[in-house]
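Since every read-out is calculated from the coordinates, none of them should be taken as a lab result. Since the structure is predicted, the reported quantities are computational estimates derived from the model, not experimental observations. Quick reminder, even Gly has a Cβ in these numbers, built from the backbone with ideal geometry, and neighbours come from all protein chains shown.
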């Protein structure tokens, strides 16, 4: 078994607490579903937000999900680069799996599809 990285991102329409929390759960659920992983498979999740999102900690919504209470979560700010995508939440999920890195499915939702169109296309 190896630790593999799974990337994902999602955007929200506004700097609104409920939108941030809901989008975080949506992204997590999509990553878990397409990769067939469970909370006990997760070594940790690094979450970043763009600097225009400060209404809520995305990790808050994940910690409230049943079975996710003990998964290590860390929130941070994304590097501010001129012209970068706004109102974006990014995940780096580190999962224990038998799958090869090339078999991990990355998830980009909303406007975040623009970040990695090569990984957003259906495989």
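Table for the structure above
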{"quantity": "Selection within the range 95-108 - in contact with a strand residue (DSSP E or B) (Cβ under 7 Å, 6 or more places away or on another chain) and surrounded by fewer than 17 Cβ atoms within 10 Å (Cβ to Cβ)", "calculated": "96, 99, 101"}
{"quantity": "From 49, 25, 3, residue being in contact (Cβ under 8 Å) with a residue 60 or more places away in the chain and either surrounded by 15 or more Cβ atoms within 10 Å (Cβ to Cβ) or over 18 Å from residue 108 (Cβ atoms) (or both)", "calculated": "3"}
{"quantity": "Residue within the range 6-18 that is surrounded by fewer than 19 Cβ atoms within 10 Å (Cβ to Cβ), under 17 Å from residue 114 (Cβ atoms) and touching a strand residue (DSSP E or B) at 6+ places or on another chain (Cβ under 8 Å) present", "calculated": "yes"}
{"quantity": "Meets criteria (under 22 Å from residue 84 (Cα atoms) and in contact with a helix residue (DSSP H, G or I) (Cβ under 7 Å, 6 or more places away or on another chain)) for residue 53", "calculated": "yes"}
{"quantity": "Residue in the range 92-115 that is touching a residue at least 12 places away in the same chain (Cβ under 8 Å), farther than 15 Å from residue 26 by Cβ and part of a helix (DSSP H, G or I) present", "calculated": "yes"}
